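No lab work stands behind these numbers, since they all come straight from the coordinates. Note that this is a predicted model, so its numbers are computed, not measured. Reconstructed Cβ throughout: ideal geometry from the backbone, glycine too, with neighbour counts over all protein chains shown.
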Amino acid sequence: LGYKSEFFKFGKVIFNRDLTIGINRKFNKNLKGIFTFINQEYNQDVVLGHTGEPNVLANIAVVDMTYKFTSKKALRGELQGLWTKEDKQDWAALLLEYTVSPHWFFSVADQYNYGNDIEANRLHYYTGSFGYTYQTTRIAVTYGRQREGVVCVGGVCRQVPASNGFSITLSSNF
């Protein structure tokens with residue numbers, strides 16, 4: 001066939017590598033948190049088609065806290081930081097999500113590119129959304145600014161253009 005590969009042998013070119021550490025902690029019956037640290041490297045040439053660009057080496061930290069006011073009302077806050085010298089440099093993100101009944105949610109978020117070397121590109125990307133969840137299916141309507149780049153949801157990643165406007169998202173787990 002003209003092609004031979006050893007099953008457990010690693011190649012010399014890294015496409016994507018990450019080390020993830022996650023800690024789930026329930027502080028009391030009303031407050032729980034998820035703490036995540038990710039060390040990631042990905043090859044912009046292979047993953048994004050950016051020929052000649054260096055691999056992105058990034059550290060990412062996420063703090064996700066949920067406080068239940070009652071069995072039907074909860075507030076979730078998520079704080080994220082991304083630190084890298086490559087691509088568009090350092091980012092911070094904040095999300096607040098309020099859930100009423102077990103089904104409806106409302107959220108606001110901001111992603112800020114505070115570490116960009118080009119000061120004019122230190123932009124905020126605000127979004128607001130609301131939606132409904134039933135069992136394993138969720139529908140959301142969102143308005144705001146979407147930054148250009150790779151978006152990953154549930155392990156599926158895709159390149160998206162920068163945009164401003166409405167979006168409708170339907171997701172379901174089987």
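Which residues, counting only those in the range 1-49, are in a strand (DSSP E or B) and either of a type in the set (Val, Ile, Thr) or out of contact with any strand residue (DSSP E or B) (no Cβ under 6 Å at 6 or more places or on another chain) (or both)?
Restricting attention to the range 1-49, the residues satisfying the condition of being in a strand (DSSP E or B) are 16-26, 31-42.
Within the range 1-49, 20, 21, 23, 34, 36, 38 meet the criteria.
Any residue at all in the range 13-32 that's surrounded by 13 or more Cβ atoms within 10 Å (Cβ to Cβ) and either more than 30 Å from residue 144 (Cβ to Cβ) or of a type in the set (A, V, I, L, M) (or both)? Among the residues of the range 13-32, not one is surrounded by 13 or more Cβ atoms within 10 Å (Cβ to Cβ) and either more than 30 Å from residue 144 (Cβ to Cβ) or of a type in the set (A, V, I, L, M) (or both), which makes the answer no. Taking residues in the range 1-14 that are hydrophobic (A, V, I, L, M, F, W, C), and partners anywhere that are in a loop (DSSP other than H, G, I, E, B), the pairs with Cβ atoms closer than 6 Å and at least 6 places apart or on different chains are 14/43. Of the listed requirements (1) without any contact (Cβ under 8 Å) to a residue 60 or more places away in the chain; (2) over 30 Å from residue 75 (Cβ atoms), residue 18 misses just one: (2).
Filter the range 130-169 for residues that are within 16 Å of the chain's Cα centre (by Cα) and among the polar types (S, T, N, Q); which is farthest from residue 82 (Cα to Cα)? The residue in question is 169.
For the range 84-112, a residue qualifies if it is loosely packed, with under 15 Cβ neighbours inside 10 Å and more than 30 Å from residue 55 (Cβ to Cβ), and the qualifying residues are 96, 100, 101, 102, 103, 104, 106, 108.
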